[in-house]
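The values are calculated or read from the model by the stated rules, or taken from the named source; none is laboratory data. What you see is a predicted model, and the numbers here were worked out from it, not measured in a lab. Neighbour counts are summed over all protein chains in view; Cβ atoms, including those assigned to glycine, are modelled from backbone coordinates with ideal geometry. To get the accessible areas, we keep the full protein, side chains included, count just its heavy atoms, and leave off ligands, DNA and RNA. Shrake-Rupley method; radii C 1.70, N 1.55, O 1.52, S 1.80 Å.
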Amino acid sequence: IFVFIQEFATTSAKDDPILKTIGIGPCIAVTFFDQESQVGSMVHLNTMTEVETLAQTFGKMLESMRMAGYNDPKKKDLQIRIVGGQNPDSDLLFTRIKNLLVSLKLPNPVEVDYGDEETESIALDTKTGKLFDLIKIKPYVASKNVDPREKEIREIKALLPFVSYTIDERARKYKVFV
């Protein structure tokens with residue numbers, strides 16, 4: 001499921017297991033994931049996002065995760081990741097996100113990749129909870145010196161067809177503009 005700027009999507013490993021977005025250089029992506037239910041959500045935020053919009057969005061993300069099978073009222077097992085923010089304009093948004101996570105009593109992020117100039121496109125696999133950098137996933141090329149991750153890379157590549165701008169009906173169920 002492709003997540004465009006200023007929207008979020010939620011899915012489970014049983015449905016369409018991959019959430020992906022591109023162009024998070026100046027923007028920031030936030031992912032929520034629960035291993036037990038294998039349900040994840042991703043939002044792609046720009047630097048103009050206000051605190052009120054963030055709070056509503058995080059609330060809608062959690063609600064859509066519950067609709068998809070997530071059930072952890074205390075949110076103790078929720079894994080949160082923050083990725084992006086390559087320019088100084090992103091600093092305020094990053095601070096808003098961190099402060100809001102605290103005020104909503106959500107867990108501390110398990111991963112923060114803020115300001116990394118190399119990460120611009122990510123995918124969350126709800127089967128494993130792994131976050132991938134789409135740019136660094138290379139197409140499979142057979143060779144004698146096989147990377148031990150080659151099988152995993154091939155599997156992920158197969159799950160991530162090149163960016164498509166069509167949304168299937170299952171994705172539409174959980175796709176909400178913010």
Going through the range 1-26 in order, the residues found to be within 12 Å of the chain's Cα centre (by Cα), surrounded by fewer than 24 Cβ atoms within 10 Å (Cβ to Cβ) and assigned to a strand (DSSP E or B) are F2, E7, I18, K20, I22
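Could you look through the range 68-95, keep only residues that are of a type outside the set (A, V, I, L, M, F, W, C) and buried (at least 19 other Cβ atoms within 10 Å of the Cβ), and pick out the one that is farthest from C27 (Cα to Cα)? Quick ask: steps written out before the conclusion?
Of the residues in the range 68-95, the ones of a type outside the set (A, V, I, L, M, F, W, C) are 69-77, 79, 81, 84-91, 95.
Keeping just the survivors that are buried (at least 19 other Cβ atoms within 10 Å of the Cβ) gives 70, 81, 84-85, 90.
Details: Y70: 27, R81: 14, G84: 6, G85: 5, S90: 7 Å.
Taking the candidates together, the pick is Y70.
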Could you list, in sequence order, the residues of the range 31-59 that are in contact with a Lys or Arg (Cβ under 7 Å, 6 or more places away or on another chain) and either within 12 Å of A123 (Cα to Cα) or among the small types (G, A, S) (or both)? T31
Could you check the range 108-128 and list, in sequence order, the residues that are open to solvent by 40 Å² or more (accessible area, probe 1.4 Å), of a type in the set (S, T, Y) and assigned to a loop (DSSP other than H, G, I, E, B)? T128
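Quick one: count up the residues across the range 73-106 that are under 18 Å from the mean Cα position of the chain (by Cα), assigned to a helix (DSSP H, G or I) and either farther than 22 Å from G23 by Cα or among the basic types (K, R) (or both).
Step one: filter the range 73-106 for residues under 18 Å from the mean Cα position of the chain (by Cα), giving 75, 77-86, 90, 93-94, 96-98, 100-101, 106.
Remaining after also requiring assigned to a helix (DSSP H, G or I): 90, 93-94, 96-98, 100-101.
Now drop any that are not either farther than 22 Å from G23 by Cα or among the basic types (K, R) (or both), which leaves 96, 98, 100-101.
Qualifying residue count for the region: 4.
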K105 is checked against (1) in contact (Cβ under 8 Å) with a residue 60 or more places away in the chain; (2) exposed (fewer than 15 other Cβ atoms within 10 Å of the Cβ); (3) within 26 Å of S12 (Cα to Cα) and fails just one. What number does that condition carry? (1)
When you scan the range 45-67, how many residues do you find that are open to solvent by less than 60 Å² (accessible area, probe 1.4 Å) and either among the charged types (D, E, K, R) or part of a helix (DSSP H, G or I) (or both)? 10
Under 7 Å between Cβ atoms, which residue pairs at least 6 apart in sequence (or on different chains) link something in the range 53-78 that is farther than 21 Å from A13 by Cβ and among the hydrophobic types (A, V, I, L, M, F, W, C) with a partner that is open to solvent by 20 Å² or more (accessible area, probe 1.4 Å) and part of a loop (DSSP other than H, G, I, E, B)? F58/L104
